[in-house]
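So the structure is just underneath, and the comments pick up after that.
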Amino acid sequence: MLNILPKIIPMKLNLRRDPFDSPDWLFELKHDGFRCLAYIADGDCKLVSRHRNVFKTFKPLQDALAKTLKVKNAILDGELICIDSKGHSDFIALMRKRSEPAFYGSTCFG
């Protein structure tokens, strides 16, 4: 069923020399994890990297996203992260599967 959703490419990050602020832009916290898209359709979820690789080791998280979000179809842009006891993203824990991953977008699901 996930084939019904369009394939999109996440926007690339741009490095800027100087910080800026503008009412025309929304800003969010930068986490240290894997950038991905969550494709959700008809109760199923697939996590896809920015290089279009399908993540296959996050099945419990995919199931939780599909169950928690009461949507028929959605594409979410976010980051796969693990969070330490201080609330910081922990890339080593994610790489070594030392804690439960979460999907951080506008809202964090885990």
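Please treat every number below as a calculation from the coordinates, not as lab data. A quick note: this is a predicted structure, and the numbers were derived from the prediction, not measured. Positions of Cβ are backbone-derived with ideal geometry, glycine not excepted, and every protein chain shown enters the neighbour counts.
For K7, the aspartates and glutamates whose Cα falls under 17 Å of its own Cα, not counting residues fewer than eight places away in the same chain, are D42, D44, D77.
Extension gain, D21 to T68: 0.36 nm times the residue separation minus the Cα-Cα distance gives 13.5 nm. Semi-axes of the equivalent ellipsoid of the chain are 23, 19, 13 Å, computed as sqrt(5λ) over the eigenvalues of the C-alpha gyration tensor in descending order. If R0 is taken as 25 Å, the Cβ-Cβ distance between I75 and L29 corresponds to a FRET efficiency of 0.75. Partner lysines whose Cα lies under 23 Å from the Cα of K97, excluding those fewer than 8 positions away in the same chain, are identified as K30, K46, K56, K59, K67, K86. The phi-based Karplus calculation (6.51 cos²θ - 1.76 cosθ + 1.60; θ = phi - 60°) puts the 3J(HN,Hα) values of the stretch 86-95 at 8, x, 8, 5, 10, 5, 5, 4, 5, 4 Hz, whole numbers, x for Gly and Pro. Pair-distance distribution P(r) for the stretch 35-79, from all Cα-Cα distances in 10 Å bins starting at 0: 32, 59, 9 percent. Taking amide hydrogens as placed 1.01 Å from N in the peptide plane, the amide H of C36 sits under 5 Å from those of G78, E79, L80, each at least 5 positions away in sequence or on another chain. Extension gain for the segment L5 to M95, taken as residue separation times 0.36 nm less the Cα-Cα distance, is 29.5 nm to one decimal.
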